[in-house]
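Below are the structure tokens for one structure; questions will follow.
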Amino acid sequence: MINCTTPFQTLPQDQLPPMSSAAMRFLQPVRHSPAAWLSSSSTRHARPSRLVLGIETSCDDTGVAVLDEAGRVLGEALQSQKEVHLKAGGIIPHVAQQLHRENIQQVVKEALSASGVSVNELAAIATTVKPGLALSLEVGLQYSLQLVDRYQKPFIPIHHMEAHALTIRLTEQVEFPFLVLLLSGGHCILAVARGVSDFLLLGQSIDIAPGDMLDKVARRLSLIKHPECHSMAGGKAIEHLAQTGDQQQYTFRLPMQQYHNCDFSFSGLQSLVNKAIIQKEKEEGIQEGELLSCVKDIAAAVQHVVAAHIIQRTHRAMLFCIKNSILPPKTATLVVSGGVASNQYIRKGLQTLANANGFAFLSPPPRLCTDNGVMIAWNGIERLHAGCGILYSTDGIRYEPK
């Protein structure tokens, strides 16, 4: 059954079995195979007839792409605001909004020019309308509705997390249903994808998202002052420094051990890390804002406990799905997407977990894990195929931050 209005539906959870040791053995070398990116030689359709323009402005990236029904990326453009927000120490909503306003027309023009397609040739325009930063979503929606009205095109409103979840079907041959883990700066979701816009929600963060936590820890550690990390976003800086750190120097308690469900929590973990940082600053006699000598060890320990928590809850979801016959055991698949899925340590741990439990592991290439216009356009193509959520009147359409 396709649900075109509320893609993520919650299911009451049974008591789940305890974790096995296999879920935590995720540090062994894993061979990564390249994603099967669809090129212009794809033969899904001889001559695709429908083209979709995808527009993404949910946070701080202005992304636009044109895709055809075969999944070929005819043209794309992306304008990142990373450098601006990095200097500010975090994303400032009204600054993000202003930069989207300044960039969106040019980014759309670049994507269309690269594709060799005019707006008149499009079958539809797909745009992120939820969730995200309200001021950023507003820019993308307003611009899209202007195009829709001017060129009389159907409009496809896109749920940002649905787009992340379905990106894998652009790069791999994946059939429904599959288990999907969405990791980003704003979300942490475990769900079963049963169809286009039909998701069974198994668990989510009850407070902050993993990407948000990693960014906050990086700011608290003043990693932007580290000579190796001055141009890196918080999560990337943590991942980089962790490569040469010793995670065993610090041990942080895994969250939610008493809850036998698939939800996540990162705010309490962040508090524990902050306490450890304060204690270490006292020991070294330095003030907040100065670099600790053990910053690499803290980064490694933080990355490890975040990965372990994600792996533990994902394992519970696997057990739940198999126990309740939600996924076919012979073809069970774990799909991991979202910006945090580009963290190679976390990705390797989840792949090891999947291997140990008989699940296939799939993840889009890193560049498609972060926000982009390609995933929005592809979600539009998927909805065109399903005949779901295609609007011929945009009266009353609104963006939804939450």
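Select from the stretch 376-402 the residues that are assigned to a helix (DSSP H, G or I) and either surrounded by fewer than 18 Cβ atoms within 10 Å (Cβ to Cβ) or touching a strand residue (DSSP E or B) at 6+ places or on another chain (Cβ under 7 Å) (or both) and list them in ascending order.
Result: I376, A377, W378, N379, G380, I381, R383, L384, H385, A386.
Taking only the stretch 31-83 into account, find how many residues are over 19 Å from the mean Cα position of the chain (by Cα), in a loop (DSSP other than H, G, I, E, B) and modelled with pLDDT of 90 or more.
5
OK, next. Out of the residues in the stretch 200-236 meeting the condition of being hydrophobic (A, V, I, L, M, F, W, C), within 27 Å of H315 (Cα to Cα) and in contact with a helix residue (DSSP H, G or I) (Cβ under 7 Å, 6 or more places away or on another chain), tell me which one is most open to solvent (accessible area, probe 1.4 Å).
I208
Would you please name the residue that is least open to solvent (accessible area, probe 1.4 Å), looking only at residues in the stretch 237-285 that are farther than 15 Å from K216 by Cβ, part of a helix (DSSP H, G or I) and of a type in the set (S, T, N, Q)?
The extreme case among them is Q247.
Report, by residue number, each residue of the stretch 199-224 that is of a type in the set (D, E, K, R) and in contact with a Phe, Trp or Tyr (Cβ under 8 Å, 6 or more places away or on another chain).
D207, D212
For the subset of the stretch 345-371 comprising residues that are in a loop (DSSP other than H, G, I, E, B) and open to solvent by less than 40 Å² (accessible area, probe 1.4 Å), which member is nearest to P131 (Cα to Cα)?
D371
Across the stretch 76-135, what is the total count of residues that are among the hydroxyl-bearing types (S, T, Y) and open to solvent by less than 30 Å² (accessible area, probe 1.4 Å)?
Residues flagged as among the hydroxyl-bearing types (S, T, Y) and open to solvent by less than 30 Å² (accessible area, probe 1.4 Å) within the stretch 76-135 amount to 3.
How about the stretch 181-199: which of its residues are open to solvent by less than 10 Å² (accessible area, probe 1.4 Å) and under 15 Å from S342 (Cα atoms)?
Residues satisfying the conditions are L181, L182, L183, C188.
Looking at the stretch 102-122, is at least one residue of a type in the set (D, E), closer than 25 Å to D149 by Cα and free of Cβ contacts under 8 Å to residues at least 60 places away in the same chain?
Scanning the stretch 102-122, I find at least one residue that is of a type in the set (D, E), closer than 25 Å to D149 by Cα and free of Cβ contacts under 8 Å to residues at least 60 places away in the same chain, so the answer is yes.
Only one of (1) more than 14 Å from the chain's Cα centre (by Cα); (2) not in a loop (DSSP other than H, G, I, E, B) fails for T128. Which number is that?
(1)
Among the residues of the stretch 168-190, which ones are under 16 Å from the mean Cα position of the chain (by Cα) and either assigned to a loop (DSSP other than H, G, I, E, B) or closer than 20 Å to P255 by Cβ (or both)?
Answer for the stretch 168-190, where residues must be under 16 Å from the mean Cα position of the chain (by Cα) and either assigned to a loop (DSSP other than H, G, I, E, B) or closer than 20 Å to P255 by Cβ (or both): L181, L182, L183, S184, G185, G186, H187, C188, I189, L190.
Next question, about the same structure. Testing S342 on (1) open to solvent by less than 20 Å² (accessible area, probe 1.4 Å); (2) under 15 Å from the mean Cα position of the chain (by Cα); (3) modelled with pLDDT of 95 or more, one condition comes back false. Which one is that?
All conditions are met except number (3).
Which residue pairs have Cβ atoms closer than 7 Å, lie 6 or more positions apart in sequence or on different chains, and pair a first residue in the stretch 147-162 that is closer than 10 Å to A124 by Cα with a second residue that is among the aromatic types (F, W, Y)?
Short answer, once both residue conditions are applied: V148/F155; P154/Y392.
Consider the stretch 346-402. How many of its residues are aromatic (F, W, Y) and under 15 Å from H164 (Cβ atoms)?
The number of residues fulfilling the criteria is 1.
Confirm whether L200 is out of contact with any Gly (no Cβ under 8 Å at 6 or more places or on another chain) and without any contact (Cβ under 8 Å) to a residue 60 or more places away in the chain.
It is false that L200 is out of contact with any Gly (no Cβ under 8 Å at 6 or more places or on another chain) and without any contact (Cβ under 8 Å) to a residue 60 or more places away in the chain.
Quick one: is L166 over 23 Å from Q303 (Cα atoms) and not polar (S, T, N, Q)?
yes
Okay, next question. Taking the stretch 152-173, which residues are polar (S, T, N, Q) and open to solvent by less than 10 Å² (accessible area, probe 1.4 Å)?
T167, T171
The values are calculated or read from the model by the stated rules, or taken from the named source; none is laboratory data. None of these values were measured; they are calculated from a predicted model. When we count neighbours, we look across all protein chains shown, and the Cβ atoms used for this are built from the backbone with ideal geometry, even at glycine. Ligands, DNA and RNA are excluded from the accessible area calculation, which covers all protein heavy atoms including side chains. Shrake-Rupley method; radii C 1.70, N 1.55, O 1.52, S 1.80 Å.
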